[in-house]
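Please treat every number below as a calculation from the coordinates, not as lab data. The model shown is predicted, which means the values in this text are computed figures rather than measured ones. Cβ sites come from the backbone with ideal geometry, for glycine too, and all protein chains shown count toward neighbours.
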Amino acid sequence: MFSHVVIFWTDPKNPNAADELIAGAHQYLKPIPGVLHYHIGKMVGSPRPVVEQTYQVALNLAFPSKKAQDDYQTHPLHLEFVEKVFKKHCARVVVYDFE
């Protein structure tokens with residue numbers, strides 16, 4: 001299994017950026033073949049200081065292999081998401097990939 005976790009900091013000038021990012025992910029990313037698990041959502045606050053709370057949205061995807069994730073990265077819908085949604089609504093991103 002290959003996990004792909006993406007942490008998004010949305011554009012602070014756009015109060016709807018998180019919702020628009022999530023809607024765009026549902027439209028462009030969810031239908032891409034090869035994804036075993038798809039979950040996107042807003043950051044949940046916590047009183048625990050160890051919990052990162054500066055981001056707005058996180059995406060958690062699981063693939064059967066690194067090859068499947070590599071195919072996802074070059075899929076036309078992923079590329080369209082980057083151009084039409086990510087670049088429009090995000091100020092920063094961090095990605096964690098692991099097997």
* **LYS42 paired with ASN16, simple spin-label distance in nm, labels 7 Å along Cα-to-beta-carbon** => 1.4 nm
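In percent, what relative contact order does the chain have, based on Cα pairs under 8 Å that are 6 or more apart in sequence?
Contact order relative to length: 51 percent.
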* Residue-averaged [θ]222 nm for the chain, counting only DSSP H segments that reach four residues, each worth -39500 (n - 2.57) -> -7500 deg cm²/dmol
* Asked: What net charge is computed for the residues neighbouring SER65, neighbours being all others with C-beta under 11 Å from the C-beta of SER65, Lys and Arg scored +1, Asp and Glu -1?
  -> -1
* Asked: If we count other beta carbons within 10 Å of each Cβ, what is the order of MET1, MET43, fewest first?
  -> MET1, MET43
* Asked: With labels modelled as points extended 7 Å from the Cα through the Cβ direction, what inter-label distance (nm, one decimal) is found for ALA91 paired with HIS78?
  -> 2.7 nm
* Using the Cβ atoms and a cut-off under 12 Å, what net charge is assigned to the surroundings of TYR55, where Lys and Arg are +1 and Asp and Glu are -1? -> +1
* Asked: Cα axis of helix 17-28 to longest principal axis of the chain: angle in degrees, 0 to 90, nearest 10?
  -> 10 degrees
* To do: Taking the Cβ of ALA91 as the centre, find all other residues whose Cβ is under 12 Å away and add up their charges (Lys, Arg: +1; Asp, Glu: -1).
  => +3
* What Rg and what Dmax come out for the stretch 46-86 when only alpha-carbon atoms are used, in angstroms? -> 14.6, 40
* Reference-scaled alpha-carbon Rg (2.2 N^0.38 Å with N residues) for the chain -> 1.07
